[in-house]
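K.L.:
One structure follows; several queries about it will come next.
The values are calculated or read from the model by the stated rules, or taken from the named source; none is laboratory data. Just so you know, these numbers come straight off a predicted model, no measurement behind them. Note that we place each Cβ from the backbone using ideal geometry, even for glycine, and neighbour counts take in every protein chain shown. All accessible areas refer to the heavy atoms of the entire protein, side chains included, with ligands and DNA or RNA removed. Shrake-Rupley method; radii C 1.70, N 1.55, O 1.52, S 1.80 Å.
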Amino acid sequence: MHGKSIGEHVKSVESFIKDFGNERIALVTSGGTQVPLEKNTVRFIDNFSMGTRGATSAEYLLAVGYTVIFMHRESSLLPFSRHFPSLFNMLQVEDGKAVSSDAKLIDNIQKATQCRNRILFVPFVTLSDYIHMLEGICTVLKPLHEGVLVYLAAAVSDFYIKHDDLPTHKMKTEEVSLPLSVVPKNLQRLVENIVPRAFVVSFKLETDESILVEKARKALSRYGHQLVVANMLHTRKEHVVLVDNEKEIHIRLSDKTKEIEEDIIGNIKERHSDLIANAGQAQ
Ligand code: PMT
């Protein structure tokens with residue numbers, strides 16, 4: 001792992017949340033995980049996710065009052081800056097300074113500045129970083145009980161190569177071998193042991209619509225969490241299904257000037273409020 005170690009990142013979460021003890025905290029995971037094919041990694045398996053869902057959702061979570069821990073794939077999209085993939089071309093030089101009068105850019109810089117103290121960025125690259133970091137951060141969040149929303153939008157690899165099966169050096173083309181193993185899902189441990197009182201949302205991505213809701217239901221019964229946001233690869237920006245233990249709600253984007261995450265977050269905030277209210281009554 002480059003830069004800070006996982007332990008250091010987890011420590012930074014610990015000191016970050018000290019200032020926000022009684023507020024709602026959302027842990028958002030975003031972007032894809034990388035799976036190394038060699039110990040001295042030259043090649044790796046990756047996936048399509050750019051982190052749009054996670055970065056967009058983080059903006060709406062901040063807008064409705066959450067403090068956000070944004071656990072994201074390094075170099076994937078980030079809240080606010082995501083709108084400007086080619087910032088370089090938007091700037092002019094005036095009096096020796098790079099400036100822009102683009103209204104959307106100004107608006108987003110202002111929003112990002114206002115939220116600066118309410119979001120912590122925690123980067124990961126590999127699948128192993130992701131798994132250990134998620135567990136470490138959730139352990140730190142455990143004492144905040146129902147105040148925590150865990151929003152698992154990252155595209156986590158389902159396959160990896162066990163450390164003992166990894167070649168040390170760059171794989172030779174005449175010796176190509178990919179002994180893939182299935183990644184054990186850590187969601188059940190997370191829900192049962194680490195953050196049992198939090199509101200946990202996982203995502204389910206499919207390319208065959210006929211199995212989408214069924215897969216989401218299986219995930220709910222297997223892991224015992226509150227909600228699955230089910231989406232199809234090619235329509236994920238216009239249509240999602242929110243699946244809980246009782247029903248399914250379809251969210252469809254009718255106004256193309258808006259983003260579907262606004263409605264997803266609106267709905268999830270209400271559900272999270274119910275969890276907090278019910279926990280208060282039970283005490
Ligand atoms: O980033 P974008 O381009 O905007 O794309 C967004 C998205 C399509 C990636 C996102 O909306 C989405 O669907 N993410 C989940 C992809 C998926 O199908 O994950 P899964 O079925 O492998 O895992 C289900 C859930 O378990 C996920 O929430 C995942 O974060 C979590 N998981 C998976 C494996 C693992 N070892 N641990 C986990 O916690």
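K.L.:
What strands (runs of 3 or more DSSP E) completely inside segment 73-147 contain at least 2 residues that are open to solvent by less than 60 Å² (accessible area, probe 1.4 Å), within 16 Å of the ligand (Cβ to nearest atom) and not aliphatic (A, V, I, L, M)?
P.N.:
Per the criteria, 119-124.
K.L.:
Something else: Return only the number of the condition from (1) at pLDDT 95 or above; (2) open to solvent by 90 Å² or more (accessible area, probe 1.4 Å) that Ser202 does not satisfy.
P.N.:
Ser202 satisfies all of (1) at pLDDT 95 or above; (2) open to solvent by 90 Å² or more (accessible area, probe 1.4 Å) except (2).
K.L.:
Now, a different point. Within segment 17-35, track down each residue that is away from the ligand (no atom under 16 Å from the Cβ) and either in a loop (DSSP other than H, G, I, E, B) or touching a strand residue (DSSP E or B) at 6+ places or on another chain (Cβ under 9 Å) (or both).
P.N.:
Within segment 17-35, Ile17, Asp19, Phe20, Gly21, Asn22, Glu23, Arg24, Ile25 meet the criteria.
Here is a yes/no grid of residues against (1) of a type outside the set (Gly, Ala, Ser); (2) over 21 Å from Met133 (Cα atoms):
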residue: Gly31; (1), (2): no, no
residue: Val35; (1), (2): yes, no
residue: Ile45; (1), (2): yes, no
residue: Tyr60; (1), (2): yes, yes
residue: Ser81; (1), (2): no, yes
residue: Ser86; (1), (2): no, yes
residue: Leu91; (1), (2): yes, yes
residue: Lys97; (1), (2): yes, yes
residue: Lys104; (1), (2): yes, yes
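K.L.:
Next up: For residues in segment 163-173 being open to solvent by 100 Å² or more (accessible area, probe 1.4 Å) and under 30 Å from Thr29 (Cα atoms), which is farthest from the ligand (Cβ to nearest atom)?
P.N.:
Asp164
K.L.:
Something else about it: Are any of the residues in segment 19-42 at pLDDT below 95, open to solvent by 70 Å² or more (accessible area, probe 1.4 Å) and hydrophobic (A, V, I, L, M, F, W, C)?
P.N.:
Within segment 19-42, one or more residues are at pLDDT below 95, open to solvent by 70 Å² or more (accessible area, probe 1.4 Å) and hydrophobic (A, V, I, L, M, F, W, C).
K.L.:
Which condition number in (1) assigned to a helix (DSSP H, G or I); (2) out of contact with any strand residue (DSSP E or B) (no Cβ under 6 Å at 6 or more places or on another chain); (3) more than 12 Å from the ligand (Cβ to nearest atom) is the one that Leu275 fails?
P.N.:
If we test Leu275 against (1) assigned to a helix (DSSP H, G or I); (2) out of contact with any strand residue (DSSP E or B) (no Cβ under 6 Å at 6 or more places or on another chain); (3) more than 12 Å from the ligand (Cβ to nearest atom), just (2) comes out false.
K.L.:
Yes or no: segment 56-70 includes at least one residue that is open to solvent by less than 30 Å² (accessible area, probe 1.4 Å), part of a strand (DSSP E or B) and either without any contact (Cβ under 8 Å) to a residue 12 or more places away in the chain or within 14 Å of the ligand (Cβ to nearest atom) (or both).
P.N.:
Yes, the conditions are met somewhere in segment 56-70.
K.L.:
When the residues of segment 174-188 are narrowed to those that are near the ligand (Cβ under 10 Å from one of its atoms) and touching a residue at least 12 places away in the same chain (Cβ under 8 Å), which ends up surrounded by the fewest Cβ atoms within 10 Å (Cβ to Cβ)?
P.N.:
My answer is Val182.
K.L.:
Of all residues in segment 36-53, which are within 16 Å of the chain's Cα centre (by Cα) and either more than 16 Å from the ligand (Cβ to nearest atom) or under 25 Å from Glu146 (Cα atoms) (or both)?
P.N.:
Hit for segment 36-53 is Arg53, nothing else.
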